[in-house]
Amino acid sequence: MSLPPLEINLKSLSKAQLLEQIVKWGEPKYRAAQIWSWLYQKGITEIDQMTNLSQSFRQMLKTQTWISKAQLKDQIQSEVDRSTKFLFRVAGGEDVETVLMPDGNRLTVCLSSQIGCAMDCAFCATGQMGFFRNLPVDGVVDQFLAIQTKLQENTDEYIRQTKFNNKRKITNVVFMGMGEPLANYQQVVSAIRILTDPDGINLSGRRITVSTVGLAPRIQQLAEEGLGCKLALSLNATTDEIRTRLMPINHRYPIREIMSAVRFWVETTGMPVTFEYVMIRGLNDSLVDAERLCRLVQNIPCKINLIPFNEIEGSDLHRPEERRVERFHRILTQHHRVAPVRYSKGRDIAAACGQLRTIYDQAGTRLSINPVPS
Ligand code: SAH
């Protein structure tokens, strides 16, 4: 059996931890900002590329540290909307799916935070695979960096054919890939600190959205971190009975508790919240539901995102007819800020909301990029 490397992955360190190391190495503190800028702004993956560090310091770094990177194993692009799904092997030898979605001037990357998911929501393919592991912070951030590097190199046929924004820079991040981000709280918060740090990726917190099933205590904790990021709450039902059927976590944190955590979020951060609502035929798509939803979110500064259910294998749930979705949408718009119905991107490549999952064979080997449901 091979032993894990004793060296430190530079990307696994928070800025404070890196500073501590730098002091131990007897180097000036500003080296931390220099190293971060190489890692996160220039996206380098070899210590020798950090050319403003002395030869001797680089030599020392090479004996004690290393730099992880996400290895691209496969990718597939939607014929319909040009979203691209990537399969990466990240730190720890894990395979994850990450999705890049062009939308007007925006270029959004949808990051995975866990391998599998323990929440077991009835409508989600990731839930069906069960929970394997939390991703470490480097496994999360490397998904972003690998795509950013690809965009900047502009050597990728798929990406070149796509009229992404001219700057070829990721503009937005959503934690809506595989996993429940708030169940991997510390690593996700560390990743957001790297994404928003001026010496790191330097993205505004306003461009980062954490989407959650509603782990109420974690929502409150996140509100107090002062990260400046946005919160999306996957509400998906207007009664505890239906919500518990769809999302077992509702047993633990019923709608009333989630709503009070959301109110705390709004009061503490001063920022509105987004409610996501996956519409499922005959379960949560009635006029009564629309009205109940209006009442539930009354007085909460918010936006509502309606997501017609995306089909997944082995599920007998269905997407409502378009007419029904539009009617539901109309009722909401009379009272609330409602985004245009989110007909998810990447449905033809199984990259849409709820469709990400990993297929393993019996020996635990990843078989291929997740095939499209028939
Ligand atoms: N665990 C987090 C993030 C992942 S899911 C969360 O639950 O918020 C991101 C969004 O996709 C959630 O709003 C979820 O409700 C939605 N979603 C999951 N499966 C879906 C499906 N089959 N069709 C449409 N949306 C789905």
Checklist line | Condition broken by GLU46, with the remaining ones in (1) within 19 Å of GLN152 (Cα to Cα); (2) among the charged types (D, E, K, R); (3) outside the structural domain of SER112 (by TED's automatic domain parsing); (4) open to solvent by less than 40 Å² (accessible area, probe 1.4 Å) satisfied | finding: (4)
Next item on the list: Only residues that are within 16 Å of the ligand (Cβ to nearest atom) and either under 20 Å from GLN148 (Cβ atoms) or aliphatic (A, V, I, L, M) (or both): list them for region 104-123, please.
Entry: THR108, VAL109, CYS110, LEU111, SER112, SER113, ILE115, ALA118, MET119, ALA122
Notebook entry, point to check: Looking at (1) open to solvent by 40 Å² or more (accessible area, probe 1.4 Å); (2) among the basic types (Lys, Arg); (3) over 25 Å from ASP197 (Cβ atoms); (4) touching an Asp or Glu at 6+ places or on another chain (Cβ under 9 Å), can you tell me which one LYS69 breaks?
Noted result: (3)
Item checked: Subset of region 11-33 [over 17 Å from ARG58 (Cβ atoms), part of a helix (DSSP H, G or I) and free of Cβ contacts under 8 Å to residues at least 60 places away in the same chain] -> ALA16, GLN17, LEU19, GLU20, VAL23
Notebook entry, point to check: GLU257 versus (1) farther than 18 Å from ILE300 by Cα; (2) in contact (Cβ under 8 Å) with a residue 40 or more places away in the chain; (3) surrounded by fewer than 18 Cβ atoms within 10 Å (Cβ to Cβ): which is the lone unmet condition?
Noted result: (1)
Item checked: Residue satisfying condition, being over 20 Å from the mean Cα position of the chain (by Cα), within 15 Å of the ligand (Cβ to nearest atom) and closer than 23 Å to THR212 by Cβ, within set SER344, SER315 -> SER315
Checklist line | Restricting region 96-106 to residues that are in contact with a Lys or Arg (Cβ under 8 Å, 6 or more places away or on another chain) and surrounded by fewer than 22 Cβ atoms within 10 Å (Cβ to Cβ), the residue that is farthest from ILE47 (Cα to Cα) | finding: ASP103
Notebook entry, point to check: Can you tell me which of VAL188, VAL99, VAL141 is under 17 Å from the mean Cα position of the chain (by Cα), in a helix (DSSP H, G or I), within 13 Å of the ligand (Cβ to nearest atom) and in contact (Cβ under 8 Å) with a residue 12 or more places away in the chain?
Noted result: VAL188
Item checked: Cross-chain or 6+ apart pairs with Cβ under 7 Å, region 284-308 first and assigned by TED's automatic domain parsing to the domain that holds ASN236 and small (Gly, Ala, Ser), then open to solvent by 10 Å² or more (accessible area, probe 1.4 Å) and in a helix (DSSP H, G or I) -> ALA290/ILE331
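The values are calculated or read from the model by the stated rules, or taken from the named source; none is laboratory data. No experiment lies behind these values; they were computed from the predicted model shown. With ideal geometry, Cβ positions are generated from the backbone for all residues, glycine too; neighbour counts draw on all protein chains shown. The accessibility values were calculated without ligands, DNA or RNA, using every heavy atom of the protein model including side chains. Shrake-Rupley method; radii C 1.70, N 1.55, O 1.52, S 1.80 Å.
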